[in-house]
Amino acid sequence: MNNQDYTTSFLVQQTPQQVFDAIINVRGWWSGQIDGTPDEVGAEFTYQYGDVHQSTQKVTEFVPGKKVVWHVTDAYLSFADKKDEWKDTDIIFEINKQDNQTELTFTHRGLVPAFICYDNCSGAWETLIQKNLRNLIITGEDQADAFAG
């Protein structure tokens with residue numbers, strides 16, 4: 001069976017370090033309440049959006065300018081039959097130089113079409129990554145209020 005994890009990518013003119021810095025500025029592109037900071041291996045942060053979504057992420061890889069991985073240690077999705085669908089999944093940001101551009105590849109390993117939340121969650125990630133994070137990288141201006149979810 002083919003890998004069906006949710007993934008998306010884009011190219012920008014900014015440097016790999018600028019892309020990396022934007023990723024770890026979670027409050028700059030992910031709306032909702034965020035407690036903690038993903039700024040080193042072992043760091044944990046929680047994300048909550050109303051009573052719809054709550055999750056705890058632990059930084060398991062942190063390579064400046066190259067890669068960040070968050071392991072979801074706890075999750076609650078009010079709209080899913082299996083409320084903890086995200087638990088034990090990985091949120092992966094891989095940064096690569098492509099000639100004079102930087103490519104960001106985002107993968108939510110474990111978020112697969114068999115999940116009840118796949119359609120909603122992949123749609124939310126598409127907006128958060130392709131719009132909010134990309135615009136934060138390009139403009140340097142916070143985008144968190146551009147999407148509430």
Do we find that Thr107 is polar (S, T, N, Q), over 21 Å from Ser9 (Cβ atoms) and in contact (Cβ under 8 Å) with a residue 12 or more places away in the chain in this structure?
no
Checked against (1) within 14 Å of the chain's Cα centre (by Cα); (2) among the charged types (D, E, K, R); (3) not in a strand (DSSP E or B), Asp142 satisfies every condition except (1)
Residues within the stretch 89-130 that are of a type outside the set (Ser, Thr, Tyr) and under 22 Å from Phe20 (Cα atoms), tallied:
23
Kindly provide the set of residues from the stretch 10-52 that are touching a residue at least 24 places away in the same chain (Cβ under 8 Å), at negative phi, touching a Phe, Trp or Tyr at 6+ places or on another chain (Cβ under 7 Å) and not hydrophobic (A, V, I, L, M, F, W, C), ordered by number.
Ser31, Pro38
Considering the stretch 85-132, residues that are of a type in the set (Gly, Ala, Ser) and out of contact with any Ser or Thr (no Cβ under 9 Å at 6 or more places or on another chain), and then whichever is nearest to Gln4 (Cα to Cα), we arrive at Ala114
Trp29 vs (1) among the aromatic types (Phe, Trp, Tyr); (2) modelled with pLDDT of 95 or more; (3) under 11 Å from the mean Cα position of the chain (by Cα): all pass except (2)
What residue, among those in the stretch 87-106 that are surrounded by fewer than 20 Cβ atoms within 10 Å (Cβ to Cβ) and not polar (S, T, N, Q), is farthest from the chain's Cα centre (by Cα)?
Asp99
Could you please give the count of residues in the stretch 91-107 that are aromatic (Phe, Trp, Tyr) and touching an Asp or Glu at 6+ places or on another chain (Cβ under 9 Å)?
1
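The values are calculated or read from the model by the stated rules, or taken from the named source; none is laboratory data. All of these numbers come straight from a predicted model, not from anything done at the bench. Glycine also receives a Cβ, built like all others from the backbone with ideal geometry; neighbour counts cover every protein chain displayed.
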